[in-house]
Amino acid sequence: MEVVKIGGVLRLQDFGLDQLDGDEAIVGFAKRAEARIARRLDFSSGALLMLMVPNDPESGCLYVYDPGREAFYSLALPINGRFGGFREDEFDGLCQTFGLEALASDPRQLRA
């Protein structure tokens, strides 16, 4: 399996969302990003999100939410020529190919 890299770390406090619980933080993050939550998988220790620009079917970006660190990790998948821009129907295949559910279920492994 190829290695998924972190494209960036976005902290809740940077968006004024640090006083919110997990669900409110996720919804608030999507609103601040002016995106819709196309897909979401929740786990006891984190969540995997696909956010998309409304009305753009090839704008999907993937994030792991780490409630312990109060941060979202932007995922950079090792696909030549692809820097986001995923379709919603690619979500399940990307999860399987890159083990994204395992990353989201234990986001501590993403911490630097």
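The values are calculated or read from the model by the stated rules, or taken from the named source; none is laboratory data. It should be emphasised that the depicted structure is a prediction, and the values quoted were computed from it without experimental measurement. Note that we place each Cβ from the backbone using ideal geometry, even for glycine, and neighbour counts take in every protein chain shown.
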Considering the stretch 63-89 alone, what residues qualify as being under 13 Å from residue 109 (Cα atoms) and over 13 Å from the mean Cα position of the chain (by Cα)?
68, 69
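So that you can scan it fast, the table gives a plain yes or no per residue for (1) at pLDDT 95 or above; (2) at negative phi; (3) hydrophobic (A, V, I, L, M, F, W, C):
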position	(1), (2), (3)
33	no, yes, yes
36	yes, yes, no
40	yes, yes, no
44	no, yes, no
48	yes, yes, yes
53	yes, yes, yes
63	yes, yes, no
69	no, yes, no
77	no, yes, yes
Any chance the stretch 14-35 includes a residue that's closer than 25 Å to residue 93 by Cβ, of a type in the set (D, E, K, R) and either within 16 Å of the chain's Cα centre (by Cα) or surrounded by 14 or more Cβ atoms within 10 Å (Cβ to Cβ) (or both)?
no
Looking at the stretch 36-62, which of the residues that are loosely packed, with under 14 Cβ neighbours inside 10 Å and charged (D, E, K, R) is farthest from residue 106 (Cα to Cα)?
56
Qualifying position, being in contact with a helix residue (DSSP H, G or I) (Cβ under 8 Å, 6 or more places away or on another chain) and without any contact (Cβ under 8 Å) to a residue 60 or more places away in the chain, among 72, 86, 91
86
Kindly provide the set of residues from the stretch 42-60 that are closer than 18 Å to residue 28 by Cα and either without any contact (Cβ under 8 Å) to a residue 12 or more places away in the chain or within 16 Å of the chain's Cα centre (by Cα) (or both), ordered by number.
42, 46, 47, 48, 49, 50, 51, 52, 53, 60
Any residue in the stretch 9-38 that's under 16 Å from residue 61 (Cβ atoms): show its pairings with residues that are in a loop (DSSP other than H, G, I, E, B) at Cβ separation under 7 Å, as long as the two are six or more apart or on different chains.
29/17; 35/53; 36/54
Somewhere in the stretch 101-112, is a residue assigned to a loop (DSSP other than H, G, I, E, B), among the charged types (D, E, K, R) and either crowded, with 19+ Cβ neighbours inside 10 Å or touching an Asp or Glu at 6+ places or on another chain (Cβ under 6 Å) (or both)?
no
